[in-house]
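My structure is below; once you've seen it, I'll send some questions.
The values are calculated or read from the model by the stated rules, or taken from the named source; none is laboratory data. This one's a predicted model, so the numbers in the text were calculated from it and none came from an experiment. Cβ coordinates were reconstructed from backbone atoms using ideal geometry, including for glycine residues, and neighbour counts include every protein chain displayed.
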Amino acid sequence: VLFSDRGVAAPPRPITHRTILVSERPRVLSGIKMSVYGPIVKIHPVVLASIADSYERRNEGASRVIGTLLGTIDKHTVEITNCFSVPHNESEDEVAVDMEFAKNMYELHKKVSPSEVIIGWYATGYDITEHSVLIHEYYSREAQNPIHLTVDTALQSGKMNIRAYVSAQMGVPGKTVGVMFTPLTVKYIYYDTERIGIDLLQRTRASPNRTNGLTSDLEQVGGAAARVQDMLATVLTYIEDVLSGKVMADNSVGRFLMDLVNKVPKITAEDFETMLNSNINDLLMVTYLANLTQAQIALNEKLVVL
Amino acid sequence: MAARKESAATTTAPATPATTTTANTLDSPVKQIQIEGLVVLKIIKHYQEEGQGSEVVQGVLLGLVVEDRLEITNCFPFPQHTEDDADFDEVQYQMEMMRSLRHVNIDHLHVGWYQSTYYGSFVSRALLDSQFSYQHAIEESVVLIYDPIKTAQGSLCLKAYRLTPKLMEICKEKDFTPEGLKKANIGFEHMFEEVPIIIKNSHLINVLMWELEEKSTVADKHELLNLSSSNHLEKSLQMLMDRVDDMSQDIVKYNTYSRNLSKQQQQKHQYVQRRQQENAQRQSRGEPPLPEEDLSKMFKPPQPPPRMDTLLIAGQINTYCQNVKEFTSQNLGKLFMAEALQGHNS
């Protein structure tokens with residue numbers, strides 16, 4: 001039994017013990033949060049990369065991979081920081097998951113990061129199948145209210161959809177009950193260093209054989225400056241559009257722009273000169289010292305060998 | 001979203017620093033390292049979560065060797081060495097982990113290890129020993145040094161090192177005396193060789209990157225354009241000074257040793273001369289000459305100090321100097337840029 005988008009139930013049919021998927025609101029309303037019941041799920045990119053990698057390494061004949069999600073739970077948020085895949089077999093009528101393996105891996109992972117706990121499981125693929133209910137049940141024994149994450153690695157809808165669900169009971173208590181998976185809001189969270197790492201990884205998209213080297217110092221500064229330049233160009237085009245009336249002026253954007261312009265520090269030319277010179281002198285002195293030290297140790301070595 | 005016009009001319013091999021020999025010039029079995037994006041993310045995460053402060057975090061690299069390339073496809077972290085975990089069996093942890101990973105089709109071939117570093121101080125005896133045992137067992141292994149502080153300043157700092165064949169020879173023979181090192185003709189510049197790294201992502205990961213760019217709302221912080229440098233410079237110089245102190249102590253030790261040695265040579269010489277004189281006198285008087293005494297027992301030569309530590313300290317100082325120079329060159333560039341902008345305004 002499926003509920004259609006507008007909340008109108010299909011013609012009444014007896015509700016039996018089955019999985020029911022609550023369809024999400026259409027994309028048009030994507031400005032509104034999809035679900036407000038349940039915690040917000042924050043995912044680190046390393047988890048998604050790990051899932052994609054395990055999907056690529058799946059066994060012959062397996063159409064999807066499953067695994068455990070590890071992370072930390074807060075009052076209103078669940079932060080997923082790690083994961084590992086668990087071998088499983090799935091056929092038409094039965095599913096077998098290697099629970100021993102899952103337990104073992106969790107123990108090993110706990111040794112490295114004792115603060116991570118099992119908070120749910122993931123599966124690649126687009127839909128939630130009946131087997132998922134069973135697996136979800138198993139995971140509810142390991143964690144309270146486990147999160148189920150689906151990552152559509154087969155790109156069925158042309159994009160890689162990443163969704164999180166939590167299960168809820170539904171039906172008539174005592175008689176026929178079922179399990180419903182309600183969607184949760186998914187956010188991506190990065191540590192600063194992670195963001196910098198991701199920046200570098202994203203550059204592999206530009207090269208034809210998907211590789212990228214690590215650049216040297218001044219190249220990096222040049223690249224960062226180029227990025228800021230691009231951003232300024234975007235802002236400038238927006239401002240020009242607003243001035244010429246093509247785009248509606250937005251007050252909040254205007255306030256941000258004011259902040260931006262005010263942030264440029266106003267210093268007199270002499271102060272700036274002194275600041276600049278003293279900094280440059282410091283740096284030059286340190287470079288000189290470094291070169292001197294290197295020459296010194298090289299000399300020392302030659303002397304010892306004599 | 002601002003389009004990122006990445007220069008298509010990013011070279012696949014970064015400019016290697018002038019002092020470390022590149023793997024291309026030696027005939028080492030590994031000329032290039034190819035790392036998957038996943039490994040980079042895992043290393044970053046491991047340090048971020050478990051390695052605050054000046055602790056080092058370590059882990060194992062898994063992958064395979066393809067022709068002259070070492071491909072690193074996965075990694076797993078090692079727990080910290082805690083005092084109260086005396087019965088923690090590292091080997092067992094490693095075996096278990098690798099066995100489990102094999103079940104999910106992850107490459108279980110051990111190809112190296114990674115370590116985080118604090119301001120570039122990684123040239124130590126421990127690292128040398130570990131890398132030596134790795135390289136001895138597996139010829140192509142490398143150690144990846146991840147510098148989190150430099151990474152936090154704006155761009156990923158990940159370097160791969162191997163021991164040069166010369167250093168391997170010396171470690172094998174454990175002959176660390178000055179003569180031994182002189183024979184091998186090894187300098188601090190030839191201890192480690194840096195191997196160029198390229199990062200490769202599979203198509204699926206690339207799709208993931210597109211998704212993330214679209215969906216994530218994390219703003220760029222542009223730490224790379226940060227002008228303040230004094231804090232980082234201070235710390236680096238502090239560490240450099242400590243090392244230079246160590247070095248000077250070592251030099252003093254070596255000087256005393258050589259002075260003692262030469263003094264002893266002199267004494268030996270004098271003794272031999274006196275002996276000869278006495279013998280000549282005795283002969284002229286017709287008495288039997290005194291027996292030749294074993295000189296080496298009387299004059300025990302002083303212990304030559306092991307030179308390996310000096311080499312390591314010199315190598316470490318070299319690394320510090322390199323890092324400082326990189327940092328200053330970047331900052332000089334930024335300062336000149338700021339000057340140009342300000343000049344434009346006023």
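Looking at (1) under 34 Å from the mean Cα position of the chain (by Cα); (2) loosely packed, with under 15 Cβ neighbours inside 10 Å, which is the one condition that is false for B:ASP250?
Tallying (1) under 34 Å from the mean Cα position of the chain (by Cα); (2) loosely packed, with under 15 Cβ neighbours inside 10 Å, B:ASP250 fails exactly one: (2).
Another question about this same structure. Which residues, counting only those in region B:296-346, are in contact (Cβ under 8 Å) with a residue 40 or more places away in the chain, among the small types (Gly, Ala, Ser) and farther than 24 Å from B:PHE192 by Cα?
Correct list: B:ALA338 only.
Can you report the number of residues in region B:103-130 which are surrounded by 12 or more Cβ atoms within 10 Å (Cβ to Cβ) and part of a helix (DSSP H, G or I)?
4
Return only the number of the condition from (1) surrounded by fewer than 16 Cβ atoms within 10 Å (Cβ to Cβ); (2) of a type in the set (Ser, Thr, Tyr); (3) modelled with pLDDT of 80 or more; (4) over 29 Å from B:LEU156 (Cβ atoms) that A:THR176 does not satisfy.
So the condition that A:THR176 fails would be (3).
Let me ask another. For the subset of region B:216-241 comprising residues that are farther than 30 Å from A:TYR190 by Cβ and exposed (fewer than 14 other Cβ atoms within 10 Å of the Cβ), which member is nearest to the other protein chains (Cβ to nearest Cβ)?
B:MET241
Let me ask something additional. Any chance region A:99-112 includes a residue that's under 25 Å from B:GLN92 (Cβ atoms), surrounded by 19 or more Cβ atoms within 10 Å (Cβ to Cβ), facing chain B (nearest Cβ under 10 Å) and modelled with pLDDT under 85?
Yes, region A:99-112 has at least one match.
Can you tell me which residue is nearest to A:ARG203 (Cα to Cα) among those in region B:140-162 that are part of a strand (DSSP E or B) and touching an Asp or Glu at 6+ places or on another chain (Cβ under 8 Å)?
Here the residue is B:LEU158.
Something else: Answer yes or no: is there a residue in region A:54-62 that is at the interface with chain B (Cβ under 8 Å from one of its Cβ atoms), in contact with a Leu (Cβ under 9 Å, 6 or more places away or on another chain) and in a helix (DSSP H, G or I).
Within region A:54-62 (the criterion being at the interface with chain B (Cβ under 8 Å from one of its Cβ atoms), in contact with a Leu (Cβ under 9 Å, 6 or more places away or on another chain) and in a helix (DSSP H, G or I)), the answer is yes, since at least one residue qualifies.
How many residues does region B:46-85 contain that are in a loop (DSSP other than H, G, I, E, B), of a type in the set (D, E, K, R) and at pLDDT 80 or above?
Count: 2.
Matching residues to (1) over 30 Å from B:GLU234 (Cβ atoms); (2) among the charged types (D, E, K, R):
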position	(1), (2)
A:THR234	yes, no
A:ILE239	yes, no
A:ASP250	yes, yes
A:VAL264	no, no
A:ALA269	no, no
A:ILE280	no, no
A:LEU283	no, no
